[in-house]
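The values are calculated or read from the model by the stated rules, or taken from the named source; none is laboratory data. Bear in mind that the values here come from a model prediction, so they are computed numbers and not experimental data. Every residue, glycine as well, gets a Cβ built from its backbone with ideal geometry; the counts of neighbours run over all protein chains shown. Note: accessible area is taken over every heavy atom of the protein model, side chains too, but ligands, DNA and RNA are not part of it. Shrake-Rupley method; radii C 1.70, N 1.55, O 1.52, S 1.80 Å.
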Amino acid sequence: GESVGLHLPTLSVQEGDNSIINCAYSNSASDYFIWYKQESGKGPQFIIDIRSNMDKRQGQRVTVLLNKTVKHLSLQIAATQPGDSAVYFCAENSEGYSTLTFGKGTMLLVSP
Amino acid sequence: DAGVTQSPTHLIKTRGQHVTLRCSPISGHKSVSWYQQVLGQGPQFIFQYYEKEERGRGNFPDRFSARQFPNYSSELNVNALLLGDSALYLCASSSSPGLGEQYFGPGTRLTVT
């Protein structure tokens, strides 16, 4: 399928490394954040979420950090695998409903 | 259990035509949202429907409209197609309109020539 990653910032890592993907969000009133993974030709897939009353949340091999002071979100992937290669988007909730505002995205390339 | 399904998968239309895209949410989900994703960018919110009522609308022209049916499936309609409408149209479902995870379908790739 067509790539969703044209002209996106790219992070290239070796298999087994830890990856950190960063995101600056825009709305200081946002209170819910999600990281999505999108592979070529597919819809976004939920990875992990965090609410604004938390600053860290861990999942399986992934950790999300939230710094509300500087409106910054990061996704850490431990022991990155080739199957993690995809475009990663952060999204913030706006206006009280489950409408999401997506960031530009980062392409993660994992070499064996 | 089936995830969010969308039809058709791909579609080619000519400028000025109209198009109808369809979405079936996850069973039990009552909220459906539509997003447009232009190549190389993140998805942009178009509409949200919950219990057949419009709950939110993004910054899109009136050529875009949508509706939700009693079985919670949804249609997105776009009239007077422009070349710039070429994009991947994504549908997402959730159990409620409030904060919470949205599950995305595979999208419909629309090409306008």
For region A:82-112, which residues satisfy the criterion of being modelled with pLDDT of 95 or more and open to solvent by 60 Å² or more (accessible area, probe 1.4 Å)? A:Leu109
Residues (under 23 Å from A:Gly16 (Cβ atoms) and modelled with pLDDT under 95) located in region A:60-81: A:Gln60
Could you tell me how many of the residues in region A:24-48 are under 17 Å from A:Gly105 (Cβ atoms) and not in a loop (DSSP other than H, G, I, E, B)? 11
Applying the selection to region B:69-113, what residues are assigned to a strand (DSSP E or B), among the polar types (S, T, N, Q) and away from chain A (no Cβ under 14 Å)? B:Ser74, B:Asn77
Region A:31-51: number of residues that are facing chain B (nearest Cβ under 10 Å) and over 15 Å from the mean Cα position of the chain (by Cα): 3
Applying the selection to region B:1-47, what residues are out of contact with any strand residue (DSSP E or B) (no Cβ under 7 Å at 6 or more places or on another chain) and charged (D, E, K, R)? B:Asp1
Which is within 14 Å of chain A (Cβ to nearest Cβ), free of Cβ contacts under 8 Å to residues at least 60 places away in the same chain and within 24 Å of A:Phe46 (Cα to Cα), of B:Ile46, B:Ile26? B:Ile46
Would you call A:Leu66 within 25 Å of A:Thr99 (Cβ to Cβ), open to solvent by less than 70 Å² (accessible area, probe 1.4 Å) and of a type in the set (A, V, I, L, M, F, W, C)? yes
Selection within region B:1-14 - in a loop (DSSP other than H, G, I, E, B) and surrounded by 12 or more Cβ atoms within 10 Å (Cβ to Cβ): B:Gly3, B:Val4, B:Pro8
Would you mind stating whether B:Phe64 is more than 20 Å from A:Ser40 (Cα to Cα), open to solvent by less than 60 Å² (accessible area, probe 1.4 Å) and either within 12 Å of another protein chain (Cβ to nearest Cβ) or within 14 Å of the chain's Cα centre (by Cα) (or both)? yes
